[in-house]
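Participant: Before I ask anything, let me first share the structure, which is written out below as structure tokens.
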Amino acid sequence: MNELKIGDVVTAIYKTGKYIGEITDIRPQHYLVRVLAVLKHPMQGDLHHPKDVEVGIFHERRALAFREQTNVPKQMVKPFEDTVPDYLSSLKTAIEKIKAECLETPSAWASQSLKNIEQLEKEYFK
């Protein structure tokens, strides 16, 4: 496989979110990726106990911000060939998708996730 290079536009999976971004640095095990759009909003709750409410702290997980940079393991980064959407509209789409998923599978986890997401929406779209 061809090595990706600085300036390439890619998809990057970080924790439970998926983003479109631009590689700004290459490290031995990671690419430094600057976020340009959100493809999948991070799941709410504890990463180690997915979809479980009975955890010490039910984490509110924010999407990475526009132009925020993060280290992503190389195997979680793939080339992106399409048009990069606007950050805010991509975030809105990702939020609508995760809300729909929560509404489709009623559970204590989904209910708590919706509360978190509604709070995040107020912060994201002031």
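The values are calculated or read from the model by the stated rules, or taken from the named source; none is laboratory data. Computed from a prediction, not measured in an experiment: that's the story for all the values here. Ideal geometry is used to build each Cβ from the backbone, glycine not excepted, and the neighbour counts take in all protein chains shown.
Participant: Every residue in segment 75-96 that is in contact with a strand residue (DSSP E or B) (Cβ under 7 Å, 6 or more places away or on another chain) and surrounded by 14 or more Cβ atoms within 10 Å (Cβ to Cβ), please.
Facilitator: Correct list: M76, V77, F80, P85, Y87, S90, L91, A94.
For every residue, the table says whether it meets (1) part of a helix (DSSP H, G or I); (2) at pLDDT 95 or above; (3) more than 14 Å from the chain's Cα centre (by Cα).
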site	(1), (2), (3)
T11	no, yes, no
Y19	no, yes, no
E22	no, yes, yes
R34	no, yes, no
V38	no, yes, no
H48	no, no, yes
A65	no, yes, no
S90	yes, yes, no
E96	yes, yes, no
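Participant: With (1) without any contact (Cβ under 8 Å) to a residue 12 or more places away in the chain; (2) surrounded by 18 or more Cβ atoms within 10 Å (Cβ to Cβ); (3) among the aliphatic types (A, V, I, L, M) as the list, and L103 as the residue in question, which single condition is left unmet?
Facilitator: Of (1) without any contact (Cβ under 8 Å) to a residue 12 or more places away in the chain; (2) surrounded by 18 or more Cβ atoms within 10 Å (Cβ to Cβ); (3) among the aliphatic types (A, V, I, L, M), only one is false for L103: (2).
Participant: Give just the number: which of (1) among the hydrophobic types (A, V, I, L, M, F, W, C); (2) part of a loop (DSSP other than H, G, I, E, B); (3) touching a Ser or Thr at 6+ places or on another chain (Cβ under 7 Å); (4) surrounded by fewer than 18 Cβ atoms within 10 Å (Cβ to Cβ) does V55 not satisfy?
Facilitator: The single condition V55 does not satisfy is (3).
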